[in-house]
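Have a look at the structure below before the remarks.
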């Protein structure tokens, strides 16, 4: 085999990426949460597509119909630390009645491929599979070892996917120090027609908090100054309406200063909110990455209209910026008050890695080859990915699933949304960029 510049049939690479994505969308792999999901059929499909070109893989079953796929692509330099290239196979549920197309039909119309998973993240899965299949046909050897992992259960906590493998099969990842996956490498056209490519290098952390108020039970017709619901309601209102201060992170500084530079605005670290107007639909998520957030999401109290309950509970979805977890917790406790008990239901770390080095340089170069006017920038994601689990093993992860998007497409609205779809031209662009990046990473 060779690791020299091996001719790859780019036309075939593009067409196969599209057809694989279609076929994957047509295999429902819905994750309903609470352990209920089914990646069996989609995992078998991935294994079949890899086996067709001689790539051996391991199917790792972690629960009933919960299946992960792992495969190794040997590289030219066996002494160099390897790269994990990973995706997830599950998708969120869908109400088909809300859609204008069959959500599992994989239909191509109006220049888009439609269906659940088209952007989250069977598009990237298809790019990965098509790329390594092209390599095998061309007898190509990448510069270093590449570990392909297609995880289960990313959409519901990853307990049957990345977290299981990291905990129970850490040997799989030995020798691998970097990783790429969702959500990044996509283009966003900002004011002035500048096309930025958002590369995820940071993620907010999670603290899902239960608030509990206790009081005195009694008849609903009596005056009760110790009403648990009243206590809780006041605490929830204070937390939900609190205006969190804006905070500068190192990733945020690089992102927002670039937006300011390109749009002729002044960069004010303490107030970047005026810059949101320049980034279109991306403002929906990016507005949540300049501060901590605390959104009340659940309330539970009482069992009868004329009975004042002794206890009342609420759940707050807290998200903290890298380095600001203590600020989130201390502020929520202060807002809640002394009479409210707080329990952490779910906690997950924040991530932030440097946007520099050979891997980042390879991303930038791959984008530049196919879009010389594109401007790669790091960004902080409001949610999380399987890179959080891999970080427990010391693996540095980035969101890089490249796709070039129409300027007027509200890409963020498509994640978990109705009529999810990916531009065909964006898929063609993405698989070429991914192939270029991996050959030079």
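Bear in mind these aren't lab numbers, they're just calculated from the coordinates by the rules spelled out. This one's a predicted model, so the numbers in the text were calculated from it and none came from an experiment. Virtual Cβ from ideal backbone geometry, glycine too; neighbours counted across all protein chains shown.
Observations on the structure shown:
- Distance between the pseudo-spin-label points of residue 418 and residue 283 (7 Å out from Cα toward the beta carbon): 2.3 nm.
- Take the Kirkwood radius over Cα pairs of the stretch 104-159, plug it into Stokes-Einstein at 20 °C and 1.002 mPa s, and you get 157 µm²/s for translational diffusion.
- Distance between the C-alpha centres of the stretch 239-294 and the stretch 384-422: 19 Å, rounded to the whole angstrom.
- Antiparallel DSSP beta bridges within the chain, as percent of all bridges there, nearest 5: 70 percent
- Calculated on C-alpha atoms, the gyration radius of the stretch 301-441 divided by its Kirkwood radius gives an Rg/Rh of 1.13.
- Proportion of all alpha-carbon pairs of the stretch 243-329 beyond 21 Å (%): 46 percent
- Most mobile listed residue (108, 42, 129) in the chain, GNM with C-alpha springs under 10 Å: 108
- Extension reserve of the residue 246-residue 408 stretch, reckoned as 0.36 nm per residue once the Cα distance is removed: 55.5 nm
- Expressed as a fraction of 2.2 N^0.38 Å, the C-alpha radius of gyration for the stretch 258-303 is 1.71.
- Along its first, second and third principal axes, ordered by size, the stretch 31-120 spans 52, 35, 24 Å in Cα coordinates.
- Legend: ranking of residues 57, 21 from fewest to most surrounding C-beta atoms inside 10 Å; resulting order 57, 21.
- The chain: most fluctuating residue of 16, 216, 325 per GNM, C-alpha cutoff 10 Å: 216
- FRET efficiency, residue 61 to residue 224 (Cβ-Cβ, R0 45 Å, nearest 0.05): 0.25
- Taking each DSSP H run with n ≥ 4 as -39500 (n - 2.57) and averaging over every residue of the chain yields -9000 deg cm²/dmol at 222 nm.
- Projected onto its three principal axes, the C-alpha set of the stretch 139-265 covers 81, 51, 21 Å, listed from the longest axis down.
- The length gained on full extension between residue 98 and residue 15, counted as 0.36 nm times the residue separation minus their Cα-Cα distance, comes to 26.9 nm.
- Here the extension length gained between residue 311 and residue 299 equals 3.2 nm, from 0.36 nm per residue of separation less the Cα-Cα distance.
- What the pair-distance distribution of the stretch 311-380 shows, using all Cα-Cα distances binned every 5 Å from zero, is 3, 12, 17, 14, 10, 8, 9, 9, 7, 6, 3, 2, 0 percent.
- The C-alpha radius of gyration of the stretch 163-229, expressed as a fraction of 2.2 N^0.38 Å, stands at 2.33.
- Equivalent ellipsoid dimensions for the chain as semi-axes, Å, which come from the Cα gyration tensor, largest first: 41, 26, 21
- For the chain, built as a Gaussian network whose Cα springs stay under 10 Å, the top-fluctuating residue of 85, 94, 344: 344
- In the frame of its principal axes, the stretch 402-441 has Cα extents of 36, 18, 13 Å, reported largest first.
- Separation of alpha-carbon centers, the stretch 8-27 and the stretch 118-166, rounded to whole Å: 14 Å
- If R0 is 41 Å, the Cβ-Cβ spacing of residue 238 and residue 174 corresponds to a FRET efficiency of close to 0.25.
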